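Asker: Mind looking over this structure? Questions follow.
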Amino acid sequence: HRSIISVYFTVGRSIISVYFTDMITALKGALSGSLEAVILGLMKSTAQYDASEIKGSIKGLGTDEETLIEMVCSRSAEELVEIKRVYKELFKKELEKDVAGDTSGDFRSLLLALAKRDEPSNIVDYEKIDQDARALYEAGVKRKGTDVATWITIMSERSVPHLQKVFDRYKSYSPYDMQESIRKEVKGDLEKSFLTLVECFENKQQYFANRLSEAMKGKSAKEKVVTRIVVSRCEVDLMKIRTEFKKLNQKSLYQTITETLKETIRRSC
């Protein structure tokens, strides 16, 4: 079903290039609620949707840190390069400047370091694996206080395959794995950001599966989170996320969404 839908929305995006304003206005008039968010989201390219979500998270009074962390910390260097290009195209502003103006401290430093990555890489520097693992340990668990700048440098400047090996080697220095160390060393938005990074470095699809599971637990499902993940990953890795979701929950993502959000879906239709 997804392949057919992808064709429809690829065609839809081509039409939008000519009739964008009229089509979006018509759709907004015909739809509402969660269905409107899904359909309008699917009419955008992945980078356009991501850029719009980042803009929405920092627009107006207050910052939606949860969305901002997910959108910046879960995206690859290659994805962020395209998101920055599209962000400037859509909003006539630099993404880094907008993020810097709405955040502060080490949290801002981490987000900006990630946003400034320009060269996607899969290089593993075998000579630096042990050095980086030891540096992460000495900057955190080994000392009193945390040298956050060292953590930011290593996690923003190394490739994913390299960091996977670093985190594995890290266990030979620290009594805690990297995620446990983060929980012990930092708190708040910085903790959430580092955890998102490490979870995505280790298994990005499992990270999104966990986010979806958490969003649909309890009586008040977080429809916005579910919509954002499904729409933003539908042309990237949603099939793999579905597989991870079923491993975690022994129930398909489709079935869970249907059971959890059925009232919303009924109202939207």
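The values are calculated or read from the model by the stated rules, or taken from the named source; none is laboratory data. Just so it is clear, the structure is predicted and the values come from calculations on it, not from any experiment. Cβ: placed from backbone, ideal geometry, glycine included. Neighbour counts: every protein chain shown. Areas reflect the complete protein model, heavy atoms only, side chains present, ligands, DNA and RNA absent. Shrake-Rupley method; radii C 1.70, N 1.55, O 1.52, S 1.80 Å.
Asker: Given Cβ point charges of +1 (Lys, Arg) and -1 (Asp, Glu) and nothing else, what value in debye, to the nearest 20, does the dipole of segment 44-117 about its Cα centre take? Display every interim value, and only then the final one.
Answerer: Numbers: 13 positive and 15 negative charges, 79 e Å.
I would put it at about 380 debye.
Asker: What number do you get for segment 129-269 when its Cα radius of gyration is normalised by 2.2 N^0.38 Å, N = residues? Mind dumping the intermediate values first?
Answerer: Values: Rg = 17.9 Å, N = 141, 2.2 N^0.38 = 14.4 Å.
Dividing the Cα Rg of segment 129-269 by 2.2 N^0.38 Å gives 1.24.
Asker: Next up: Using 7 Å Cα-to-Cβ label points, what is the GLU235/VAL160 separation (nm, one decimal)?
Answerer: 1.9
Asker: Can you compute the modelled spin-label distance between LYS128 and ARG183, with each label point 7 Å from Cα toward Cβ, in nm?
Answerer: It works out to 2.9 nm between the two label points.
Asker: Of all trypsin sites (Lys or Arg not before Pro) in segment 106-207, which ones are in loop regions per DSSP and have a Cβ with at most 15 other Cβ atoms within 10 Å? Mind showing how you got there, number by number?
Answerer: On the way: sites: ARG108, LYS116, ARG117, LYS128, ARG134, LYS142, ARG143, LYS144, ARG158, LYS165, ARG169, LYS171, ARG183, LYS184, LYS187, LYS192, LYS204; in loops: LYS116, ARG117, LYS142, ARG143, LYS144, ARG158, LYS171, LYS187.
Within segment 106-207, the qualifying trypsin sites (Lys or Arg not before Pro) (loop, at most 15 other Cβ atoms within 10 Å) are LYS116, LYS142, ARG143, LYS144, LYS171, LYS187.
Asker: What Rg and what Dmax come out for segment 84-153 when only alpha-carbon atoms are used, in angstroms?
Answerer: Just the Cα atoms of segment 84-153 yield Rg and Dmax of 15.8, 45 Å.
Asker: While we're on this one: If you take the beta carbon distance between ASN210 and LYS92 as r and set R0 to 30 Å, what does 1/(1 + (r/R0)^6) give as a FRET efficiency, to the nearest 0.05?
Answerer: Numbers: r = 36 Å, r/R0 = 1.19.
My answer for the efficiency is 0.25.
Asker: Quick one: order PHE91, PHE201 from most to least accessible surface, probe 1.4 Å. Working shown, then result.
Answerer: Numbers: PHE91 60, PHE201 15 Å².
My answer, sorted largest first, is PHE91, PHE201.
Asker: Rank ASP118, ASP132, ASP64 by accessible area, highest first, at a 1.4 Å probe radius? Don't skip to the end; give the middle numbers.
Answerer: On the way: ASP118 95, ASP132 5, ASP64 45 Å².
From most accessible down to least: ASP118, ASP64, ASP132.
Asker: Same structure again: Any idea what the dipole of segment 117-177 comes to, in debye rounded to 20, about its Cα centre with Lys/Arg Cβ at +1 and Asp/Glu Cβ at -1? Write down the numbers at each step before the final one.
Answerer: On the way: 10 positive and 11 negative charges, 65 e Å.
Dipole of segment 117-177, to the nearest 20 debye: 320 debye.
Asker: Return the equivalent ellipsoid semi-axes of segment 166-222 as a descending list in whole Å, where each equals the square root of 5 times an eigenvalue of the C-alpha gyration tensor.
Answerer: Numbers: eigenvalues 125, 37, 16 Å².
Those come to 25, 14, 9 Å.
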